Amino acid sequence: MSDTSIRSWRPRARGLPLVAPLRLGRPSDTWFKPALSVVAASAVPQLTLLALGRLDLVTYTMAGSLCALYGHGLPYARRARTLAGLVLAMTAGLGAALVTASLTHSTGVLVAVGALLAAVQKAGCDATRTGPPGPVILTFVSSAALFAPQRLGQVPAHLALTLAAGAVAWLVCAGPALIRREGPERRAAARALAAA
């Protein structure tokens, strides 16, 4: 066989069938809002902790501030309810993790509680149809808190910090309703018209 016949005999390589699902789509026209909301929501608590010289508590305020990632595609009334529920869910998950961390150092118990919390958070987000990023942030925060050094007496103050930062996140995300009450609905209508 000649060299050219061997080259022509080789099968042609086709593209991988996974390329299409992995191809990035066009980003939403509001892709930057969740990130900017977290920056705004975390500024007040983090700068306050910095001024007090207590940056060791930033984990607890950041948990509340991360709730600002949610609800940006929802009308303001529904967004306010969703964010209030998420702040409470974040605080409850963090509380369960902190109490567990203060009571035991057994890795098996901590992992089991983390798995249980992740399942409850996933089921809760699915039941309430919480949009992106879904249970990922809740699970990330509570899983990390399971392995943080903690004393039982510290838990109430740490949860109060989370609630306070969550309230700031709620104000940042629901506050624009005072300026443009129908903003999300107008954007949805504009998208529908552009698609038609």
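Among Leu74, Leu57, which is the only one that is at pLDDT below 90 and hydrophobic (A, V, I, L, M, F, W, C)? Residue meeting the stated conditions: Leu74.
Of all the criteria given as (1) buried (at least 20 other Cβ atoms within 10 Å of the Cβ); (2) not aliphatic (A, V, I, L, M); (3) not in a helix (DSSP H, G or I), the one not satisfied by Pro132 is (1).
For every residue, the table says whether it meets (1) modelled with pLDDT under 95; (2) more than 18 Å from the chain's Cα centre (by Cα).
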| residue | (1), (2) |
| --- | --- |
| Thr104 | yes, yes |
| Lys122 | yes, no |
| Ile137 | yes, no |
| Gln150 | yes, yes |
| Gln154 | yes, yes |
| Ala164 | no, no |
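Residues that are in a helix (DSSP H, G or I) and among the hydroxyl-bearing types (Ser, Thr, Tyr) were ranked within the stretch 65-109; the one that is surrounded by the most Cβ atoms within 10 Å (Cβ to Cβ) is Ser65. Can you say whether Ala97 is over 12 Å from the mean Cα position of the chain (by Cα) and of a type in the set (A, V, I, L, M), as far as the supplied structure shows? When the stated conditions are applied, Ala97 passes them. Can you tell me which residues in the stretch 93-108 are more than 20 Å from Val38 (Cα to Cα) and among the hydrophobic types (A, V, I, L, M, F, W, C)? Ala96, Ala97, Leu98, Val99, Ala101, Leu103 - these are the residues of the stretch 93-108 that are more than 20 Å from Val38 (Cα to Cα) and among the hydrophobic types (A, V, I, L, M, F, W, C). Taking first residues from the stretch 118-146 that are on the phi > 0 side of the Ramachandran plot and partners that are part of a helix (DSSP H, G or I) and buried (at least 19 other Cβ atoms within 10 Å of the Cβ), the Cβ contacts under 6 Å between residues at least 6 apart in sequence or on separate chains come to Gly134/Cys125. Within the stretch 158-173, being open to solvent by 60 Å² or more (accessible area, probe 1.4 Å) and under 20 Å from Arg54 (Cα atoms) holds for one residue alone: Leu163. All told, Met62 falls short of being out of contact with any Phe, Trp or Tyr (no Cβ under 6 Å at 6 or more places or on another chain), open to solvent by less than 30 Å² (accessible area, probe 1.4 Å) and at pLDDT 90 or above.
Note on the stretch 84-140: residues that are among the aromatic types (Phe, Trp, Tyr) and more than 21 Å from Thr59 (Cβ to Cβ) total 0.
The values are calculated or read from the model by the stated rules, or taken from the named source; none is laboratory data. As the structure is a prediction and not an experimental result, all values here were calculated from the model. In this analysis, Cβ positions are derived from the backbone assuming ideal geometry, glycine residues included, and neighbour counts consider all displayed protein chains. These accessible areas exclude ligands, DNA and RNA; they are computed on the full protein's heavy atoms, side chains included. Shrake-Rupley method; radii C 1.70, N 1.55, O 1.52, S 1.80 Å.
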